[in-house]
Amino acid sequence: MRKHTFKEWMIAVRPWSFPASTMPVIVTMSYLFWKDGANGINWLFGLWALVNIVVFHAAGNTWSDWSDYRKKVDAEDTFGAKTLTSGMFTPGEIMKLSVALTVVACAGGLGLLVLTGLPLLWIGLGGVACTLLYPALKYRALGDVVILAAYAFLPTLGTSYVATGAIDWNVLWIALPVGLITDGILHSNNTRDIITDARCGINTMAMGLGMKASAWVYGFEMVFPYVWVGICSIVGIMPLWTIMVFLTLPVAIACERTMRKAVDGGVALIADLDVRTANVQLMFSLLLTLAFAVDGLI
């Protein structure tokens with residue numbers, strides 16, 4: 001095994017995708033601060049949960065890359081990850097990295113479980129299952145459902161539990177908009193790869209829908225979160241400050257227009273749309289976090 005640079009290891013774990021896992025935790029912590037104040041929040045456990053989900057995410061990325069390479073979903077002519085198809089890493093190296101990251105993440109989760117309580121076990125087991133089963137479920141058109149569970153509902157509920165000692169089901173109000181944009185990251189990726197995925201014998205939701213319908217679904221995933229936050233702010237479920245997320249709406253709409261252009265213009269137009277969608281996720285979630293924090297301080 002040749003020695004790899006730090007940059008290569010970073011490429012292997014795909015840090016550009018981490019907003020999908022970090023933002024649900026960060027937004028939840030800010031939401032809890034707005035709702036209940038700072039005194040009832042265990043900030044150390046919240047930070048622990050944040051670090052742990054990043055490690056789990058990195059493990060999932062490398063596990064998915066190994067599975068896609070083995071299934072020939074990723075090849076030299078595809079837009080997917082190039083860590084294996086370029087020869088930067090061997091399949092064995094990526095597998096060992098994925099196993100090591102999974103072990104570290106599970107150890108961190110068990111430590112947090114001991115310090116908090118049994119309910120975290122079921123949330124953690126759900127997260128582990130999503131990580132390990134994701135490739136197989138993605139190949140059966142269920143990847144989008146797994147992403148909603150792993151990067152929306154489970155982390156928000158889990159964070160509310162470790163930070164406050166009780167599961168606050170109200171965090172699901174913020175899980176949906178954040179999770180839909182995260183789903184847009186995967187959906188834009190799968191829409192781009194419809195043709196190359198078809199030759200591998202797998203079936204993604206984008207393949208079942210086709211290019212045109214997939215563009216409409218992506219548009220919903222990018223626009224509805226703003227409608228949701230707008231309604232929640234009007235009826236008082238969220239503070240009015242949360243309308244700050246609308247500052248990022250032009251960027252989201254630009255992504256949606258790019259997807260629609262790709263219906264007739266070809267998938268090369270959306271080669272980097274997954275990265276652009278992740279950037280929307282980051283900006284949207286940071287403004288949502290800021291809104292809760294500002295209103296909580298006033």
Requested in this report: Taking residue 105 as the residue in question, decide whether it is aliphatic (A, V, I, L, M), within 14 Å of residue 55 (Cα to Cα) and buried (at least 18 other Cβ atoms within 10 Å of the Cβ).
Outcome: yes
Query raised in the report: If you check residue 257 against the conditions, is it in contact with a helix residue (DSSP H, G or I) (Cβ under 6 Å, 6 or more places away or on another chain) and of a type outside the set (A, V, I, L, M)?
Result: no
Query raised in the report: Quick one: in region 112-122, which of the residues that are touching a residue at least 24 places away in the same chain (Cβ under 8 Å) and in a helix (DSSP H, G or I) is surrounded by the fewest Cβ atoms within 10 Å (Cβ to Cβ)?
Result: 115
Requested in this report: Being over 14 Å from the mean Cα position of the chain (by Cα), of a type in the set (A, V, I, L, M, F, W, C) and assigned to a helix (DSSP H, G or I) narrows it down to one of 88, 23, 95, so name that one.
Outcome: 95
Query - Selected residue (criterion: surrounded by the fewest Cβ atoms within 10 Å (Cβ to Cβ)) from residues of region 230-288 that are within 23 Å of the chain's Cα centre (by Cα) and of a type in the set (Phe, Trp, Tyr) - result: 246
Query raised in the report: Is it the case that region 69-84 has a residue that's farther than 18 Å from residue 133 by Cβ, of a type outside the set (S, T, N, Q) and at pLDDT 90 or above?
Result: no
Query raised in the report: Is at least one residue of region 193-214 modelled with pLDDT of 95 or more and among the polar types (S, T, N, Q)?
Result: yes
Query raised in the report: Does residue 145 qualify as being touching a residue at least 24 places away in the same chain (Cβ under 8 Å) and either in contact with a Cys (Cβ under 7 Å, 6 or more places away or on another chain) or part of a helix (DSSP H, G or I) (or both)?
Result: no
Query raised in the report: Taking region 123-181, which residues are surrounded by fewer than 24 Cβ atoms within 10 Å (Cβ to Cβ) and either in contact with a strand residue (DSSP E or B) (Cβ under 9 Å, 6 or more places away or on another chain) or hydroxyl-bearing (Ser, Thr, Tyr) (or both)?
Result: 131, 134, 139, 140, 141, 161, 164
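The values are calculated or read from the model by the stated rules, or taken from the named source; none is laboratory data. Everything quoted here is computed from the prediction, not taken from an experiment. Cβ sites come from the backbone with ideal geometry, for glycine too, and all protein chains shown count toward neighbours.
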